[in-house]
1. Which members of region 91-118 meet the condition of being under 13 Å from V172 (Cα atoms) and either of a type in the set (G, A, S) or over 14 Å from the mean Cα position of the chain (by Cα) (or both)?
2. Out of the residues in region 71-121 meeting the condition of being surrounded by 18 or more Cβ atoms within 10 Å (Cβ to Cβ) and within 20 Å of G24 (Cβ to Cβ), tell me which one is modelled with the highest pLDDT.
3. G169 versus (1) at pLDDT 95 or above; (2) out of contact with any Cys (no Cβ under 7 Å at 6 or more places or on another chain): which is the lone unmet condition?
4. Scan region 132-155 for residues that are assigned to a loop (DSSP other than H, G, I, E, B) and in contact with a strand residue (DSSP E or B) (Cβ under 9 Å, 6 or more places away or on another chain) and jot them down.
5. Of all residues in region 26-49 being among the hydrophobic types (A, V, I, L, M, F, W, C) and more than 13 Å from the chain's Cα centre (by Cα), which is surrounded by the most Cβ atoms within 10 Å (Cβ to Cβ)?
6. If a residue must be hydroxyl-bearing (S, T, Y) and either under 14 Å from N68 (Cα atoms) or at pLDDT below 95 (or both), how many such residues does region 1-43 contain?
7. Considering only region 1-12, how many residues are touching a residue at least 24 places away in the same chain (Cβ under 8 Å) and either more than 14 Å from the chain's Cα centre (by Cα) or outside any strand (DSSP E or B) (or both)?
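The values are calculated or read from the model by the stated rules, or taken from the named source; none is laboratory data. What you see is a predicted model; the values in this text were computed from it and never measured. Here the Cβ positions follow ideal geometry from the backbone for every residue, glycine too, while neighbour counts run over all protein chains shown.
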Amino acid sequence: MVEVSSWRLVGDWFDVCRCRVPCGCTFAQAPDEGECNGILAWHVREGNYGDVSLDGMNVVGVGSFQGNIWAGEAVNSAMGFFMDERADERQREALQTIFSGQAGGWPAGLAELFDEVRGIEFAPIQFEIADDLAHWRVEVDGRVRGSAEALTGPTTPEGARVQVHNAPGAEVGPGQVATWGTAIEDEVEAFGFKWSWPGRSSKHFPFDWSGPDES
C-alpha cells in the first residue's frame with residue numbers, strides 16, 4: 001500500500017473529442033456513434049501533495065472507449081498520460097500517485113472507468129487558456145495538439161459564454177460549470193492512438209480536487 005499524503009489540486013481542465021457539439025458524455029449519455037476519442041488537459045493553478053508544491057504543473061491524457069462510460073457500459077477503455085517534464089523527482093512521484101488514483105479523491109473514481117493505462121511519459125507541455133475563456137490550447141511535443149474557441153452563435157450576446165450547470169456527467173466531478181467550445185485542433189499520434197477530429201466538441205471545467213478520502 002502506498003502511504004498517501006494529504007493533497008489538493010485547483011485549476012483548469014478541458015477536452016477536445018470526436019463528439020459533435022455538445023459532447024454527450026457530459027450529459028451522462030453515450031458518445032456520438034458509440035465511441036469516444038479525446039484529449040484531456042489539466043493545468044494546476046495551485047496544488048500540493050503533502051509538502052510538495054504542484055503549482056503550475058500540467059498533465060495531458062489521451063484516451064478512447066466505446067459505450068456509455070457513466071452507465072458502466074464502456075468497453076475497450078484505454079488511456080495514456082503525459083506529465084510535465086519540468087517536475088522534479090518528488091513532483092513526478094506526486095503527480096503519478098494522484099493521477100493513477102492511488103491517492104483517492106476524484107481521480108480514483110476516474111481511474112476505475114478505464115481498463116488499460118498504456119503508459120506515462122514526461123514531456124514538454126504547452127498549455128494556454130484565455131482569462132475570459134474565449135479560447136484554450138494544449139500541445140505535447142508535436143504528438144498531441146488540441147485547441148478550441150468558445151462556442152458562440154447568432155443569438156449569443158457578445159462576450160457571453162455558453163455554459164452548463166449541474167452537468168450529470170461532469171468529467172471533473174460535481175459542482176463545477178462547463179463552458180462549451182468548438183475544437184479547432186484535435187490531433188493525436190501517441191500511445192497507439194492516432195486520430196484527427198477538428199471542428200468537433202470541446203468544453204472547459206475548473207476543478208478542485210483533494211484527498212485522500214476520509215474513511
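1. Hits for region 91-118 are G105, A108, G109, A111.
2. It comes out as M79.
3. Looking at each condition in turn, G169 falls short on (2).
4. Passing the criteria: D132, L133, A134, D141, G142, R143, L151, T152.
5. Ranking the qualifying residues of region 26-49, first place goes to C36.
6. Summing the residues that are hydroxyl-bearing (S, T, Y) and either under 14 Å from N68 (Cα atoms) or at pLDDT below 95 (or both) in region 1-43 gives 2.
7. Total meeting the criteria: 6.
For every residue, the table says whether it meets (1) more than 19 Å from D84 (Cα to Cα); (2) under 14 Å from the mean Cα position of the chain (by Cα); (3) modelled with pLDDT of 95 or more; (4) exposed (fewer than 15 other Cβ atoms within 10 Å of the Cβ).
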position: A123; (1), (2), (3), (4): no, no, yes, no
position: E139; (1), (2), (3), (4): no, yes, yes, no
position: S147; (1), (2), (3), (4): no, yes, yes, no
position: G153; (1), (2), (3), (4): yes, no, yes, yes
position: V162; (1), (2), (3), (4): yes, no, yes, no
position: V188; (1), (2), (3), (4): no, no, yes, no
position: F193; (1), (2), (3), (4): yes, no, yes, no
position: H204; (1), (2), (3), (4): yes, yes, yes, no
